[in-house]
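Here the structure is laid out as structure tokens; the discussion comes afterwards.
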Amino acid sequence: TLTTFEGEQIHLADLKGKVVVINFWASWCTPCEQEAADLEAAWQYYQPRGDVVFRGVNWTDTEPEAMGYMTKFNISYPSGPDLGTRIADRFRITGVPETYIVDRNGLLASAKFSPYSSIQEIMNAIDPLLVP
């Protein structure tokens, strides 16, 4: 369960049937900045479909800095703090950025342990999961 900065609770189980992109990030993370615009562009591309969702998990950060980062990069997909690193521990992350893509059946389809280099790389990870 992720509680967004806006107070919405998001349960991964409730997203079954959708492709879920979970990006772990932090405002102090320079490599995170390298992929931020591409992640937002990919979200804008897939959002109208309704079957792909993006969620940001803010790791070991403070809310003011996190909100500043989201404003700087115009991040519009739901994001929230990982209080006590509870979510990061479940995914066993080793640092940021890390991105996990969960398929429509709720199974881990891919994991990226470095920043995406382009929107095309993000789309290449998502598109195969959308084929019926």
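Restricted to the range 51-63, and to residues there that are surrounded by fewer than 16 Cβ atoms within 10 Å (Cβ to Cβ) and either acidic (Asp, Glu) or modelled with pLDDT of 95 or more (or both), the residue that is nearest to Tyr116 (Cα to Cα) is Asp51.
Screening Ser76 with (1) in contact with a helix residue (DSSP H, G or I) (Cβ under 7 Å, 6 or more places away or on another chain); (2) open to solvent by less than 50 Å² (accessible area, probe 1.4 Å) gives one miss only, at (2). If you go through the range 39-50 and keep only what is surrounded by fewer than 19 Cβ atoms within 10 Å (Cβ to Cβ) and of a type in the set (D, E, K, R), you end up with just Arg49.
Taking residues in the range 4-30 that are of a type outside the set (Val, Ile, Thr), and partners anywhere that are in a helix (DSSP H, G or I) and open to solvent by 90 Å² or more (accessible area, probe 1.4 Å), the pairs with Cβ atoms closer than 6 Å and at least 6 places apart or on different chains are Ser27/Glu65. For the range 102-112, filtered to residues that are open to solvent by 50 Å² or more (accessible area, probe 1.4 Å) and outside any strand (DSSP E or B), the residue that is nearest to Pro31 (Cα to Cα) is Leu107.
Residues in the range 2-33 that are in contact with a Leu (Cβ under 9 Å, 6 or more places away or on another chain) and open to solvent by 40 Å² or more (accessible area, probe 1.4 Å): Thr3, Glu8, Gln9, His11, Leu12.
Beta carbons closer than 9 Å, at least 6 apart along the sequence or on distinct chains, pair a first residue in the range 80-99 that is at pLDDT below 95 and among the charged types (D, E, K, R) with a second that is assigned to a helix (DSSP H, G or I) and open to solvent by less than 40 Å² (accessible area, probe 1.4 Å) for Asp82/Ala88. Restricting attention to the range 82-101, the residues that are out of contact with any strand residue (DSSP E or B) (no Cβ under 9 Å at 6 or more places or on another chain) and either open to solvent by 40 Å² or more (accessible area, probe 1.4 Å) or more than 18 Å from Asp61 (Cα to Cα) (or both) total 6. Would you say Pro115 is open to solvent by 20 Å² or more (accessible area, probe 1.4 Å), touching a residue at least 40 places away in the same chain (Cβ under 8 Å) and either in contact with a strand residue (DSSP E or B) (Cβ under 8 Å, 6 or more places away or on another chain) or of a type outside the set (Phe, Trp, Tyr) (or both)? The answer is yes for Pro115. Scanning the range 118-132 for residues that are touching a residue at least 40 places away in the same chain (Cβ under 8 Å), assigned to a loop (DSSP other than H, G, I, E, B) and open to solvent by 50 Å² or more (accessible area, probe 1.4 Å) yields a count of 0.
The values are calculated or read from the model by the stated rules, or taken from the named source; none is laboratory data. Quantities reported herein were computed from a predicted structural model and do not represent experimental measurements. So basically every Cβ, Gly included, is an ideal-geometry build from the backbone, and we count neighbours across all protein chains shown. Areas reflect the complete protein model, heavy atoms only, side chains present, ligands, DNA and RNA absent. Shrake-Rupley method; radii C 1.70, N 1.55, O 1.52, S 1.80 Å.
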